[in-house]
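Any read-out appearing in this document is the output of simple, stated calculations on the displayed coordinates, not a laboratory observation. Note that the coordinates shown come from a computational prediction; the quantities given were computed from them, not determined experimentally. Because the Cβ atoms are built from the backbone with ideal geometry, glycine has one as well, and the counts that use them run over all protein chains shown.
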Amino acid sequence: MNGDHHPNEQSGPSLDRDMALLSAARQALSKVFVGQGETVDQLLVCLFASGHALIEGAPGLGKTLLVRTMADVGGLKFSRIQFTPDLMPADITGTMVLAHDESGKPSTRFQAGPLFGQLVLADEINRATPKTQSALLEAMQEKTVTVAGNEYPMQKPFHVFATQNPFEMEGTYSLPEAQIDRFLFKVIIDYPSERVLEEILDQTTGAHVPQAEKVLTPADILRIQHLVREVPMAEHVRKTIVRFVRATLPQLSENEPAIRRYVRFGISPRGAQAVVLAAKSRALLSGRYNVSLDDVRASVLPALRHRFQLNFEGMAEGVSAEQLLLETFERHARSVASV
């Protein structure tokens with residue numbers, strides 16, 4: 001498929017305008033969050049694929065700054081929830097409170113919690129108990145919150161970008177599997193290189209600290225999210241994803257011995273959907289209206305690293321789940337390409 005092909009539903013100028021907006025958003029984020037281009041791209045891909053993101057990294061690497069900057073660039077209502085061991089579900093969703101009308105008659109009304117934002121930062125999500133973490137489930141999946149039998153819709157767009165500290169740090173809880181699966185991406189932020197660290201220090205300790213400019217509106221984001229779903233995918237790319245996902249299932253006798261021996265859970269259909277949507281979003285972010293295998297390749301780890309679980313034997317033998325995923329994908333990408 002020609003990379004210059006435009007969709008029937010979109011005129012050339014409108015598609016070019018949206019791609020220009022994507023490029024401008026990437027540049028605006030990179031001015032503030034320096035030296036982490038791939039991290040910025042992954043979070044933009046997640047946003048425009050209509051997903052939620054789980055961001056993991058040690059304290060001090062700029063996770064909170066990055067999410068707040070994304071809200072500024074996207075013109076989104078930002079809300080931050082600091083997760084702590086004593087945080088209760090009602091502290092997040094809101095609760096019914098007693099109020100009085102003009103005549104003094106008492107009544108109850110819903111007082112919305114901090115979850116009612118458009119880009120919600122769930123900061124250090126794994127420091128709260130699983131019960132409190134699960135309070136996010138309905139909002140993330142259904143885009144609603146139910147309190148006292150009443151259903152309240154979230155604003156659109158609605159995204160939860162959660163940060164978590166590495167599991168080996170003290171005072172953390174493992175996220176429930178159902179909660180983890182609601183995140184389209186798990187993004188890992190590593191320590192910056194020497195060159196990048198110098199650039200960070202220059203930008204953040206001088207007289208003028210870079211500020212993010214608003215590039216998008218919520219309406220722009222919703223329109224681009226709709227456009228992402230219309231991006232076409234060639235049959236050989238879709239077939240690669242299907243065969244790769246099935247090749248991660250340990251219960252299938254035809255799969256590789258390492259998969260059958262070391263894997264507890266393979267990739268579900270929801271995981272496959274995440275890869276497809278992420279690849280479509282990345283294609284647009286790259287200025288193309290078609291999905292390449294490179295788009296899929298770049299989406300495999302952020303979309304699947306939190307859904308692909310090793311069994312006890314795999315963990316005991318030090319098997320790398322990420323390496324196993326990538327090797328399995330490359331094997332099927334080659335086999336489909338050779339047909």
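The angle between the Cα long axis of helix 194-204 and the main principal axis of the chain comes to about 20°, on a 0 to 90 degree scale. For the stretch 115-161, the calculated P(r), taken from all Cα-Cα distances in 5 Å bins from zero up to the bin holding the longest distance, is 5, 21, 30, 26, 14, 4 percent. Averaged over residues, the count of other Cβ atoms within 10 Å places the peptides 157-166, 319-328, 141-150 in the sequence 157-166, 319-328, 141-150, highest first.
Report, to the nearest 10°, how far helix 321-337 tilts away from the longest principal axis of the Cα atoms in the chain, using its own Cα long axis and a range of 0 to 90°. In the chain, helix 321-337 runs at an angle near 50 degrees to the longest axis. Given their separation in residues at 0.36 nm each and the Cα-Cα distance between them, residue 137 and residue 313 gain 60.3 nm when the chain is fully extended.
Any idea what angle helix 235-246 forms with the longest principal axis of the chain, computed on alpha-carbon atoms, 0 to 90 degrees, nearest 10? The two axes meet at around 80 degrees. When the charge dipole of the chain is built from unit charges on Cβ atoms (+1 for Lys and Arg, -1 for Asp and Glu) and taken about the Cα centre, the candidate among 130, 227, 69 whose Cα reaches farthest toward its positive end is 227. Considering only 269, 42, 308, and ranking their Cα positions along the charge dipole of the chain that arises from unit charges at the beta-carbon of Lys, Arg, Asp and Glu, the one farthest toward the positive end is 269. Overall, the chain carries a charge dipole of about 780 debye about its Cα centre when +1 sits on the Cβ of Lys and Arg and -1 on the Cβ of Asp and Glu, all other atoms neutral. A crude spin-label estimate for the pair residue 234 and residue 146, with each label 7 Å from Cα along the Cβ direction, gives 4.6 nm.
Placing a label point 7 Å from the Cα of residue 264 along the Cα-to-Cβ line, the residues of the stretch 180-195 whose backbone N sits under 16 Å from it are 180-181.
Over the chain, DSSP H runs of length four or greater, each weighted -39,500 (n - 2.57), average out per residue to a 222 nm ellipticity of -14000 deg cm²/dmol. Residue ranges 250-256, 275-281, 177-183 sort as 275-281, 177-183, 250-256 when ordered by packing (mean number of other C-beta atoms within 10 Å per residue, highest first). Considering only 249, 95, 113, the residue lying farthest towards the positive end of the dipole of the chain is 249, judged by Cα position with unit charges set on Cβ. Taking a straight Cα-Cα cut-off under 27 Å and skipping sequence neighbours fewer than 8 places away in the same chain, the lysines within cross-link reach of residue 63 are 31, 77, 131, 143, 156, 186, 214, 280.
Across the stretch 150-306, counting alpha-carbon atoms alone, Rg and Dmax equal 19.6, 63 Å.
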